[in-house]
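What follows is a single structure, written as structure tokens, with notes after it.
The values are calculated or read from the model by the stated rules, or taken from the named source; none is laboratory data. Everything numeric here is computed off the predicted structure, so don't read it as measured data. Here the Cβ positions follow ideal geometry from the backbone for every residue, glycine too, while neighbour counts run over all protein chains shown. Ligands, DNA and RNA are stripped out before the accessible areas are found, and what is left, the full protein with its side chains, is counted by its heavy atoms. Shrake-Rupley method; radii C 1.70, N 1.55, O 1.52, S 1.80 Å.
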Amino acid sequence: MYGRGTVDNKGQHFTYPCAVRTLRDTTGLPCNVTLILDGEEESGSPNLLDAVEAREDHLAADVSINSDGPIDGSGRPSVSFGNRGILVVGLDVDGPKGDLHSGHYGGAVPSPAWELIRLLGTMRDEHGRIAIDGFYDAVEGVPAPDRDLLDEFEPDPDELQADLDVGGFQDGPGETFLEQTLYYPSLNVNGLASGHGEDGFKTIVPSDAAATIDMRLVVDQDPDRIFELFERHVEAHADDRLETTVTYHASMDPMRTPIDTPYFDPIVDAVTDGWGEEPVVKPSTGGSAPYALFTDYLGLPHASIPYGQNDNNQHSPDERFAVEHFRTGIRTSARLLDAVSTV
């Protein structure tokens, strides 16, 4: 099945209404089911909290489940019980009222491009740690119960680096790839813009420079608090000869359901039954999603079970959802509803 959002995430969401109808037509629905569809997840789900607050009584539940994204890279199904949060900010530096001739003004008029580069350089130390005061205050590292699960899907670093065509992973907290991407926060520069960006060259001192930055956050880190720390860092290090602006674009809270939840075994068994293969169980994923709303606001344990195939082209042309995966998703969703009803 081809179409924008076919696998991410209309098709995967649709497996649950199909499972509900299947159970109603056969064995009967084993539990009460409430379905909620968020059409703004790719934009940070800005209205989801308001929607949930307005329907809190109707959303009273024992557990929440969603399906989004591709299955494990090994081809096996997967179950995850957490995800990192995210904070997206803009950092803009404004200088002269227009681009200036670099021969007449270069070396005297401060360059917004150099200032942006310098500011970004203050945000990491020589060991790869984020150098924003207080950034790691709420970070606890890897919980002991999670270590055995990590061994199950830790990628071979040499193979991964060769596949990505990089000479190694960056320095910073965390001893392995999964520790770095699941249990420690990151500060990533998404894009940079300044001056002449086309073919050839243009000898100017640019009038402005801009960067977009995302910070992936781990459990107990508050995006609003991290934004305050980021803003304070910029204010402390910015050159007052230029105008520097920080913009709050979007955020999602991190979340994690402890793996000792009573729903752990029923969910894993249901996925095994529905898929015909034991899943890779992940205590967390590195990406971000709005599921903390269900764990923190509604107080529910949450699990995410992706149904998409790996070659799905999500967010790209020819996005597709394999019919086999769609059917397996319906079957697995039915098994999940039956399993959680027994807890």
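Quick look at the values:
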{"item": "Efficiency of FRET between R124 and D25 - r from beta-carbon atoms, R0 51 angstrom, step 0.05", "result": "0.35"}
{"item": "Cα centroid of segment 132-156 to Cα centroid of segment 235-282, whole Å", "result": "12 Å"}
{"item": "Using θ = phi - 60° and Karplus 6.51 cos²θ - 1.76 cosθ + 1.60, couplings along segment 245-250 (whole Hz; Gly, Pro as x)", "result": "10, 10, 10, 8, 8, 6"}
{"item": "Cα pair count fraction exceeding 20 Å, expressed as % - segment 153-271", "result": "66 percent"}
{"item": "Segment 144-245: chymotrypsin sites (Phe, Trp or Tyr not before Pro) in DSSP coil with no more than 11 other Cβ atoms inside 10 Å", "result": "F201"}
{"item": "In segment 95-153, trypsin sites (Lys or Arg not before Pro) in a DSSP loop with at most 10 other beta-carbon atoms within 10 Å", "result": "K97"}
{"item": "Folded to 0 to 90 degrees: helix 223-237 orientation relative to the chain principal axis, Cα", "result": "10 degrees"}
{"item": "Between helix 112-121 and the chain: long-axis angle, C-alpha atoms, 0 to 90°, nearest 10", "result": "50 degrees"}
{"item": "Cleavage-rule hits (GluC sites (Glu not before Pro)) in segment 123-227: DSSP loop, at most 16 neighbouring Cβ within 10 angstrom", "result": "E126, E140, E175, E198"}
{"item": "Helix-only [θ]222 nm of the chain, DSSP H runs n ≥ 4, -39500 (n - 2.57) each, per residue, nearest 500", "result": "-8500 deg cm²/dmol"}
{"item": "Accessible area of segment 90-157 divided out per residue, in Å², using a probe of 1.4 angstrom", "result": "59 Å²"}
{"item": "Of all accessible heavy-atom area on the chain, the percent that carbon and sulfur account for (1.4 Å)", "result": "47 percent"}
{"item": "Whole-number percent relative contact order across segment 1-78, with pairs defined as alpha carbons under 8 Å at least 6 apart", "result": "36 percent"}
{"item": "Between segment 1-78 and segment 190-219, the alpha-carbon center distance in angstrom", "result": "37 Å"}
{"item": "Angle in degrees between helix 264-275 and the longest Cα principal axis of the chain, rounded to the nearest 10", "result": "80 degrees"}
{"item": "Fraction of alpha-carbon pairs over 17 Å apart in segment 262-343 - percent", "result": "56 percent"}
{"item": "Per residue solvent-accessible surface (Å²) - segment 1-49, probe of 1.4 Å", "result": "63 Å²"}
{"item": "Along each principal axis, Cα extent of segment 48-139, largest first, Å", "result": "68, 38, 31"}
{"item": "Against the rule of thumb 2.2 N^0.38 Å, how large the Cα Rg of the chain comes out", "result": "1.15"}
